[in-house]
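Enquirer: There's a structure below that I have some questions on.
The values are calculated or read from the model by the stated rules, or taken from the named source; none is laboratory data. Here the structure is a predicted model, which is why all the values come from computation and not from measurement. Neighbour counts run over all protein chains shown; Cβ positions are idealised from the backbone, glycine included. Calculation scope for accessible area: heavy atoms of the full protein, side chains included, ligands and nucleic acids excluded. Shrake-Rupley method; radii C 1.70, N 1.55, O 1.52, S 1.80 Å.
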Amino acid sequence: PSPKPCQPNGASEEALRCQIEELKQKDLALDQEIAELLSEGYSLEELEKHISLLHEYNDIKDAGQMLLGKLAVIRGVTTKQLYPEYDLELSD
């Protein structure tokens, strides 16, 4: 379970300490997740490759969404209305 986030006011020293603590907890959680994946037989190189491929996929998807958005503006329709024309699912 995720720890309850702090809610300090402004950029006080207390707020900064809280943010540092939250980042430390995230770091620990990520380290534990990496250790679990390694124990399941994944290698760091394989994990880094998957992360790289996910970044590439997201960049390509973002570019496609941007193009669909521009095309929708040109045609005066919503992006959603273009999906069937290009055989896209709303979850794509």
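Enquirer: Accessible area per residue for region 43-91 in Å², computed with a 1.4 Å probe and the full protein assembly in place, what is it?
Expert: 84 Å²
Enquirer: I would also like to ask the following. Sorting Ile74, Ile60, Ile34 by accessible area (1.4 Å probe), largest first, what list results?
Expert: I get Ile74, Ile60, Ile34, largest accessible area first.
Enquirer: Kindly express, to the nearest 10 degrees and within the range 0 to 90, the angle between helix 44-75's C-alpha long axis and the longest C-alpha principal axis of the chain.
Expert: Compared with the principal axis, the helix lies near 40 degrees.
Enquirer: Another one. Net charge within 13 Å of Glu40 by Cβ-Cβ distance, Lys/Arg positive one each and Asp/Glu negative one each, not counting Glu40 itself?
Expert: Around Glu40, the charge tally is -3.
Enquirer: With angles folded into 0 to 90 degrees, how steeply does helix 13-39 sit against the dominant principal axis of the chain? Use alpha carbons for both and round to 10.
Expert: Helix 13-39 sits roughly 80 degrees off the main axis of the chain.
Enquirer: To the nearest whole percent, what portion of all C-alpha pairs in region 40-92 is separated by more than 12 angstrom? Before the final figure, lay out each step's value.
Expert: Working: 978 of 1378 pairs.
Counting every Cα pair in region 40-92, those more than 12 Å apart make up 71 percent.
Enquirer: Please name which of Ala29, His50, Pro84 has its Cα lying farthest along the dipole of the chain towards the positive end, using unit charges on Cβ (Lys, Arg +1; Asp, Glu -1) and the Cα centre as origin.
Expert: After comparing all options, I get Pro84.
Enquirer: As a check on your grasp of the helix formula, calculate [θ] at 222 nm for the chain: sum -39500 (n - 2.57) over DSSP H runs of n ≥ 4, divide by the residue count, round to the nearest 500.
Expert: The helix contribution divided over the chain gives -23500 deg cm²/dmol.
Enquirer: Please work out how many pairs of lysine residues in the chain are eight or more positions apart (or on different chains) and have Cα atoms closer than 29 angstrom.
Expert: Pairs that pass both the separation and distance tests number 9.
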